[in-house]
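The values are calculated or read from the model by the stated rules, or taken from the named source; none is laboratory data. Just so we're clear, the structure is a prediction, and the values are computed from it rather than from any experiment. Don't worry about glycine lacking a Cβ; one is built from the backbone with ideal geometry, like all the others, and counts go over all protein chains shown.
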Amino acid sequence: MLARVGEAAKEEGLAVYAVGGYVRDKLLGRPFSGEIDFTVVGDGPAFARLLARRWKLPGKVQIYRRFGTARLKMGPVRLEFATSRRESYAPDSRKPEVRPAPFEEDLARRDFTVNALALDTREPGEIIDRFNGLEDLKNRLIRTPLDPESTFRDDPLRILRAIRFAARLHFRIEEKTWEGLSEQRERLEIVARERINEEFFKILAADPPSHGLLLLHLSGVLEIIFPEIAALAGVEQVGRHHHKDVLLHTFRVVDQVAETAPPDRVDLRFAALLHDIGKPATKHFDPEAGWTFHGHEHVGERMVRRMARPRKLPEDLAERSAKLVRLHMRPINLNDEEVTDSAIRRLVVQAGEQIDDLLTLCRADITSGNARKVRRYLADFDRMVARMHEIEDRDQLRRFQSPIRGEEIMERTGLPQSPRVGLIKALIEEAILDGGIPNSREGAESIFEEIRREVEALDEETVLRRLRAIHHARSEGMRPPPEPGDGGRQRKKEN
């Protein structure tokens, strides 16, 4: 690819250089990302259009005139051609004023020395290194080509990029560069939230995620972009499987999720990062138990929902994270051998399609410096999970709902679509969850007429009240309160 670009550059009398991440990753022996950036000493978009014609490429060349750049695709490879340029910034903006400039100035404007390396396409193999980027690659160091403070002041998104590269490549951040990004961290306030999130989730995707998270914390950046998470620092907790500092415990939980979940499940890492954010608000000291955090899962759920809009989190991500935060204490509380099958059924139904994610998070939440304790707690947890899977399979709880659906209830009773139909359906489901009947057509049929008569005898106000009570109880993973005159049905007590 580079040879073909170089051949065209020679014919046009242009200097064209491969730059940035392609060169860095090639020198590090990392896999090809599928993208190559080029700097053209001349008109970058014009050269891109020339290549598209020369190579007879389908599709349009994307031109970005403000930045003097153009993009095109050659098969699966994406190529970007930029005019060699300098950039200047207004104090209240990270959008640069762009002007053509010599190639040396173009290299100097780049974020880090390891990204300021270039390959001359006309002379394959010749590396251009104006800022000791090769030495920094060798020493695994992130450093800015120019003054760090002005680098981060001009484009504060580079603060997150520095941490991302350090986390992803397992590099150190050079001392002055670290000081510069820490001092300029408040400049992140001028960056669009979407751009911050994009970089943050790339940091979270690195392995182990705690590397980048710890850099965010130590630099003070975490307090700027996610103050709710930063507030966990210094919050003490004493418990059967916890460290004292909630933030460090949280980072360890995220690492353990990353070790067991597929690498593309950054959403689950994010939920793990949020799972204890309700603890600072619920912290209370008990002389006998030490620090307690009663109800922190419910407070945490509300916090996730409140932060979603101002942080511009994807709605689905916020909803799934909030649900896991709310439920993350439940599986641990089911370890008791006296817990009924009904309680387990209700959790499986409440978690729904997220039950496996919930179990992954809860298992990762078992941390301690005492290896013997961890082994014991994990063994207890795994026994509970085995019991849960047995009940889940036996009672067919995946995508759980009444074997007799609402449409059939309307057809058989002559009722219109209404809360009364919903209550009949909900009471059948409750009988299954309680273990009174099996989750089958036959089981539902055995109590259908009894429930029908019971519901048809109720007034509208009572129907609505009972339906609301059932929905509320399910949202809490509990049984609804018993009702007088329930048709003689007895809840089955399970051992």
- [ ] Would you mind telling me which numbered condition in (1) surrounded by 17 or more Cβ atoms within 10 Å (Cβ to Cβ); (2) within 30 Å of residue 129 (Cβ to Cβ); (3) under 18 Å from the mean Cα position of the chain (by Cα); (4) not aromatic (Phe, Trp, Tyr) residue 168 fails?
- [x] (1)
Open item on the list: Within region 215-263, take every residue that is modelled with pLDDT under 95 and charged (D, E, K, R) and give me the one that is nearest to residue 169 (Cα to Cα).
Closed with: 245
TODO: Run down 107, 146, 117 and say which single residue is of a type in the set (A, V, I, L, M), within 34 Å of the chain's Cα centre (by Cα) and either under 25 Å from residue 223 (Cα atoms) or surrounded by fewer than 21 Cβ atoms within 10 Å (Cβ to Cβ) (or both).
DONE: 146
Open item on the list: Tell me yes or no: at least one residue of region 133-146 is touching a residue at least 60 places away in the same chain (Cβ under 8 Å), of a type in the set (D, E, K, R) and assigned by TED's automatic domain parsing to the domain that holds residue 6.
Closed with: no
Task: When residues of region 133-149 are limited to those that are in contact with a Gly (Cβ under 8 Å, 6 or more places away or on another chain) and acidic (Asp, Glu), the one farthest from residue 185 (Cα to Cα) - done: 147
TODO: Out of the residues in region 270-308 that are assigned to a helix (DSSP H, G or I) and in contact (Cβ under 8 Å) with a residue 60 or more places away in the chain, state the one that is surrounded by the most Cβ atoms within 10 Å (Cβ to Cβ).
DONE: 272
Task: Considering residues of region 92-104 that are farther than 25 Å from residue 14 by Cα and in contact (Cβ under 8 Å) with a residue 60 or more places away in the chain only, the residue surrounded by the most Cβ atoms within 10 Å (Cβ to Cβ) - done: 94
TODO: Identify, from the list 53, 4, the residue that is under 24 Å from residue 127 (Cβ atoms) and either in the same structural domain as residue 131 (by TED's automatic domain parsing) or of a type in the set (S, T, N, Q) (or both).
DONE: 4
Open item on the list: As an exercise: evaluate residue 472 against (1) within 16 Å of residue 349 (Cα to Cα); (2) part of a helix (DSSP H, G or I); (3) in contact (Cβ under 8 Å) with a residue 12 or more places away in the chain and give the number of the one condition it does not meet.
Closed with: (3)
- [ ] Within region 357-389, work out how many residues are touching a helix residue (DSSP H, G or I) at 6+ places or on another chain (Cβ under 8 Å) and either under 21 Å from residue 267 (Cβ atoms) or not in a helix (DSSP H, G or I) (or both).
- [x] 12
Task: Complete set of residues in region 321-342 that are in contact (Cβ under 8 Å) with a residue 24 or more places away in the chain, assigned to a helix (DSSP H, G or I), surrounded by fewer than 22 Cβ atoms within 10 Å (Cβ to Cβ) and not acidic (Asp, Glu) - done: 323, 330, 332, 342
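Taking residue 448 as the residue in question, decide whether it is touching a Cys at 6+ places or on another chain (Cβ under 8 Å) and under 28 Å from residue 340 (Cα atoms).
Values: touching a Cys at 6+ places or on another chain (Cβ under 8 Å): no; under 28 Å from residue 340 (Cα atoms): yes.
No.
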Open item on the list: Given the condition under 23 Å from residue 359 (Cα atoms) and either in the same structural domain as residue 328 (by TED's automatic domain parsing) or not in a loop (DSSP other than H, G, I, E, B) (or both), answer yes or no: does some residue in region 223-230 qualify?
Closed with: yes
Open item on the list: Can you pull out every residue in region 120-142 that is under 34 Å from the mean Cα position of the chain (by Cα) and in a helix (DSSP H, G or I)?
Closed with: 133, 134, 136, 137, 138, 139
Open item on the list: Taking the condition of being outside any helix (DSSP H, G or I), closer than 24 Å to residue 468 by Cβ and among the polar types (S, T, N, Q), how many residues in region 395-438 meet it?
Closed with: 4
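Just to be sure before I move on: is residue 44 on the phi > 0 side of the Ramachandran plot and assigned by TED's automatic domain parsing to the domain that holds residue 107 in the structure I sent? Even if it seems obvious, please write down each step before you answer.
Values: on the phi > 0 side of the Ramachandran plot: no; assigned by TED's automatic domain parsing to the domain that holds residue 107: yes.
No: the conditions fail for residue 44.
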TODO: For residues that are crowded, with 17+ Cβ neighbours inside 10 Å and part of a helix (DSSP H, G or I), tally how many sit in region 183-196.
DONE: 4
Task: Within region 23-53, considering residues that are over 17 Å from residue 103 (Cα atoms) and either of a type in the set (Gly, Ala, Ser) or touching a Ser or Thr at 6+ places or on another chain (Cβ under 7 Å) (or both), the one surrounded by the most Cβ atoms within 10 Å (Cβ to Cβ) - done: 48
Task: Residue check, residue 264 surrounded by fewer than 19 Cβ atoms within 10 Å (Cβ to Cβ), outside the structural domain of residue 310 (by TED's automatic domain parsing) and not in a helix (DSSP H, G or I) - done: no
- [ ] Go over the candidates 126, 80 one by one and state the one that is modelled with pLDDT under 95, assigned by TED's automatic domain parsing to the domain that holds residue 2 and of a type in the set (Asp, Glu).
- [x] 126
